[in-house]
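Heads up, the thing below is written out as structure tokens.
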Amino acid sequence: MSATPPTTDPTRFWEDRYRDSDRVWSGNPNPLLVREAGDLTPGTALELGCGEGADAVWLAGRGWHITGVDISATALRRAAAHAAAAGVAARTTWQRHELGVTFPEGTYDLVSAQFLQSPVALDQDRVLRLAAEAVAPGGTLLLVLHGGWPSWQGEQDHPFDAVFPTLDGVLDQLALPETWRVVTREAVERPAPSPTGEPGTRVDLVWRLHRTV
């Protein structure tokens, strides 16, 4: 998902977003991450756009040694506190990056990007290609992205202009060689009530890609 207020500084936008609330996210891991990563053998992991750390803490609790990356220093402080409270601080590392401008070094057995979408500037295509390059041989790239607005949000109610990904479009953009295998390529419709409790659904897209060598 890309948006078009290019004059909005990404760091300021996300810092303000986190500072305006004691907690932005639920603190629970993304169910699609749990579903797709639950059967993987723990090793080293990289999470891009880790936010307040719920997914990273869940992975660390399963034995992964994980590096969580986010643009917001406030979010990273909360993530570190969450890891400490969960008793997994020794298996977590936190790095601040404006992805698309800087990117963590190294390769990992799992690279995860959950809803790495932004209403301000983000070179998503480049970041996802770098994410694939950061997967070690035998490792996994796990991507989950919103495929559209919630069903209850009318055409006139969209908070910003956005271009949502497609299942084939992301694979085409990644242009992975034959040394990769598609394990999961799926659109998942889930309940997504409105802030006022109106029933609705939203479609999320999930790709689990395995690098064979």
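General remarks:
- Scanning the range 135-149 for residues that are hydrophobic (A, V, I, L, M, F, W, C), buried (at least 19 other Cβ atoms within 10 Å of the Cβ) and at pLDDT 95 or above returns Val135, Leu141, Leu142, Leu143, Val144, Leu145.
- For the range 13-60, filtering for residues that are of a type in the set (Gly, Ala, Ser) and either under 15 Å from Ala80 (Cα atoms) or part of a helix (DSSP H, G or I) (or both) leaves 8.
- Of the set (1) touching a residue at least 60 places away in the same chain (Cβ under 8 Å); (2) open to solvent by less than 40 Å² (accessible area, probe 1.4 Å), all apply to Phe115 but (2).
- Condition met for Asp168 (more than 16 Å from Pro31 (Cα to Cα) and free of Cβ contacts under 8 Å to residues at least 12 places away in the same chain): yes
- Selection status of Ala162, open to solvent by less than 10 Å² (accessible area, probe 1.4 Å) and touching a strand residue (DSSP E or B) at 6+ places or on another chain (Cβ under 7 Å): no
- Matching residues, the range 61-80, being part of a helix (DSSP H, G or I) and either within 24 Å of Ser21 (Cβ to Cβ) or in contact (Cβ under 8 Å) with a residue 40 or more places away in the chain (or both): Ala73, Thr74, Ala75, Leu76, Arg77, Arg78, Ala79, Ala80
- The requirement of being modelled with pLDDT under 95 and either β-branched (Val, Ile, Thr) or over 18 Å from Ala136 (Cβ atoms) (or both) is fulfilled somewhere in the range 28-42, by at least one residue.
The values are calculated or read from the model by the stated rules, or taken from the named source; none is laboratory data. This is a predicted model, so every value here is computed, not measured. Quick reminder, even Gly has a Cβ in these numbers, built from the backbone with ideal geometry, and neighbours come from all protein chains shown. Note: accessible area is taken over every heavy atom of the protein model, side chains too, but ligands, DNA and RNA are not part of it. Shrake-Rupley method; radii C 1.70, N 1.55, O 1.52, S 1.80 Å.
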